[in-house]
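Asker: This structure is in C-alpha cells; I'll ask about it shortly.
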Amino acid sequence: MDCNQVFVSKVKRLIVVFTLLIAFLSIKIDTFAQVDSAVVPVDSVVAGSAEAVSGEHGAAKHGEEKFEPTKVIMEHIADSHMWHLWGHTSLPLPVILYTANGLEVFSSGNFHHGEHDYNGKYNNYRLEEDHIKVVGADGKIDEEASKSVLDFSITKNVAAMFVAIFVILVIFISVAASYRKRVGKAPKGLQSFMEPIIVFVRDDIAKPNIGHKYAKFMPYLLTTFFFILFNNLFGLIPIFPGGANVTGNIALTFVMALGTLIIVNINGNKYYWKHIFKPDVPFWLYPIMIPVELIGIISKPFALMVRLFANITAGHIIVLSLISLIFIFETLAIAPVSVAFVLFMDVLELLVAFLQAFIFTLLTALFIGMAVEEHH
C-alpha cells in the first residue's frame, strides 16, 4: 500500500472538513449578529427608560447591548411569518386570515419585520412576537378581536415542509421512471441509492412487525419515513432552504401521530377490539383493564408525537446553546471548545435525523401489526 497516497487523502479530507466548519460558523455568527441588532431599538428604549427613572447615567456604553441567549434560541426554533435568507434579507410569506367579515390575504412583508402595522381590508394588524394581532382604533392590541381571527398563513415551517415534499416528489418520480425504463435490469444512479433504503423499510420494519399484510401499509410507512428524514436533514442546513424546525413543531408531530392513530384503529380486527373491550382476565378486573386499554389507544400515538418533537427540538437547542457560549463570554478564547462541541453535536444530530425517522416508522409498523395480528 502507498502510505504517502493515504496520507495525502487524509489531509485533503481534513481540509474539506475544516472548510465546511468555517463556513458553518460564519453563517451561524452572522445570523446571531442579525438577531442581536434587530433587538437594539427595544433594548435602547428600555435602557433609556431605566436611566430616566433611576437617574443613573454613564456606566454602559452607548449602543452596546446585552446578548440574550434564551430569546435568540427561541426565535431560531420557533415558527415565523418570514424566512430569513441572508444579511437583512428575508423572504416574505403569504398571510391568510379568516375574520368575521371575510378572508384577508396579504404579504408578511407589509409588517416590515414587525416595525409597522398593516391596514387590511377589514382590520388593522400588527405582528407581535410572530403572532398577528388586531389593532383597535386607539392603536392598542384588541385581544378579543384577535381571538376571533383564524390564522391559516404559510409560515416558515409550512413553506419548508412544501420544499421537502417537492424534493421527495422529484426524487421518487425519477426513481419510479427508472424502474419503468429498466425492467429486469440492475438499479442505476439515484435508483441504486434509494433502493437499499426502500428495501430496508420493507424487510426490516414492515415485514417483521406487520407480517404478510405488510404490502397494504408500505405506501404509508415509506411516506412517513422519508418525510421525517428529509425534514430532519433540511433542518440541519443553516441557510435557505434549510434552517426550519419542521419536525420540532409539535403541531406537525401531532398530525402525524393522529394519522397513525386513525390507520391503526381503522384496520384493527375483531381480536384487536376484543382485547380492548373483553380482555382475557377475570370479569371483576374489567373496570380496571378496559379503561387502561382505552388509554393505551391514545398513549401510543401520544408517545410518537412527543418523542419526535422533543428529540429534534432538544438537538437544535443544544447546538444553539453551545454557539451562544461565544457571545455570552464575549471572548474568542471559548470558541475552540464551543466549536468542537458544536461539530460533535452536528454529527450526532445527523445520526438522530435518521434514527428518529426509523423509530417513528418502526413503532407505527409495530402498532399496525398489533392491530391486524390474527388470533392463533
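The values are calculated or read from the model by the stated rules, or taken from the named source; none is laboratory data. All of these numbers come straight from a predicted model, not from anything done at the bench. In this analysis, Cβ positions are derived from the backbone assuming ideal geometry, glycine residues included, and neighbour counts consider all displayed protein chains. Remember, those area values only see protein heavy atoms, side chains included, never the ligands or the DNA or RNA. Shrake-Rupley method; radii C 1.70, N 1.55, O 1.52, S 1.80 Å.
Asker: Which number in (1) within 20 Å of residue 249 (Cβ to Cβ); (2) surrounded by 19 or more Cβ atoms within 10 Å (Cβ to Cβ); (3) not basic (Lys, Arg) marks the one condition that residue 135 misses?
Answerer: Tallying (1) within 20 Å of residue 249 (Cβ to Cβ); (2) surrounded by 19 or more Cβ atoms within 10 Å (Cβ to Cβ); (3) not basic (Lys, Arg), residue 135 fails exactly one: (1).
Asker: Looking only at residues in the stretch 95-105 that are open to solvent by 60 Å² or more (accessible area, probe 1.4 Å) and of a type outside the set (Phe, Trp, Tyr), which one is nearest to residue 149 (Cα to Cα)? Write out each step before concluding.
Answerer: At the first step, the residues of the stretch 95-105 found to be open to solvent by 60 Å² or more (accessible area, probe 1.4 Å) are 98, 100-101, 103, 105.
Imposing the further condition that a residue be of a type outside the set (Phe, Trp, Tyr) reduces the set to 100-101, 103, 105.
Numbers: 100: 7, 101: 10, 103: 10, 105: 13 Å.
Applying the filter and picking the extreme gives 100.
Asker: Do we have residue 277 as touching a residue at least 12 places away in the same chain (Cβ under 8 Å) and exposed (fewer than 13 other Cβ atoms within 10 Å of the Cβ) here?
Answerer: Numbers: touching a residue at least 12 places away in the same chain (Cβ under 8 Å): yes; exposed (fewer than 13 other Cβ atoms within 10 Å of the Cβ): yes.
Considered against the rule, which asks whether it is touching a residue at least 12 places away in the same chain (Cβ under 8 Å) and exposed (fewer than 13 other Cβ atoms within 10 Å of the Cβ), residue 277 comes out as yes.
Asker: Could I ask something else about it? Of the residues 239, 228, 171, 197, which is open to solvent by 70 Å² or more (accessible area, probe 1.4 Å) and either under 26 Å from the mean Cα position of the chain (by Cα) or not assigned by TED's automatic domain parsing to the domain that holds residue 313 (or both)?
Answerer: Values: 228 fails: open to solvent by 70 Å² or more (accessible area, probe 1.4 Å); 171 fails: open to solvent by 70 Å² or more (accessible area, probe 1.4 Å); 197 fails: open to solvent by 70 Å² or more (accessible area, probe 1.4 Å).
The conditions single out 239.
Asker: For the stretch 301-314, state whether one or more residues are without any contact (Cβ under 8 Å) to a residue 60 or more places away in the chain and part of a loop (DSSP other than H, G, I, E, B).
Answerer: Residues of the stretch 301-314 without any contact (Cβ under 8 Å) to a residue 60 or more places away in the chain: 302, 305-307, 310-311, 314.
Remaining after also requiring part of a loop (DSSP other than H, G, I, E, B): none.
No, that holds for no residue.
Here is a yes/no grid of residues against (1) closer than 25 Å to residue 243 by Cβ; (2) in contact (Cβ under 8 Å) with a residue 40 or more places away in the chain:
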position	(1), (2)
89	yes, no
93	yes, yes
99	no, yes
113	yes, yes
123	no, no
128	yes, no
132	yes, yes
138	no, no
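Asker: Name every residue in the stretch 200-215 that is surrounded by 13 or more Cβ atoms within 10 Å (Cβ to Cβ) and among the charged types (D, E, K, R), in order of residue number.
Answerer: Hits for the stretch 200-215 are 202, 204, 207, 213.
Asker: Mind checking which helices (runs of 4 or more DSSP H) fall wholly inside the stretch 146-265 and carry at least 1 residues that are touching a helix residue (DSSP H, G or I) at 6+ places or on another chain (Cβ under 7 Å) and among the hydroxyl-bearing types (Ser, Thr, Tyr)?
Answerer: Details: elements: 156-181, 190-200, 207-210, 214-235.
Passing ranges, in order: 156-181, 214-235.
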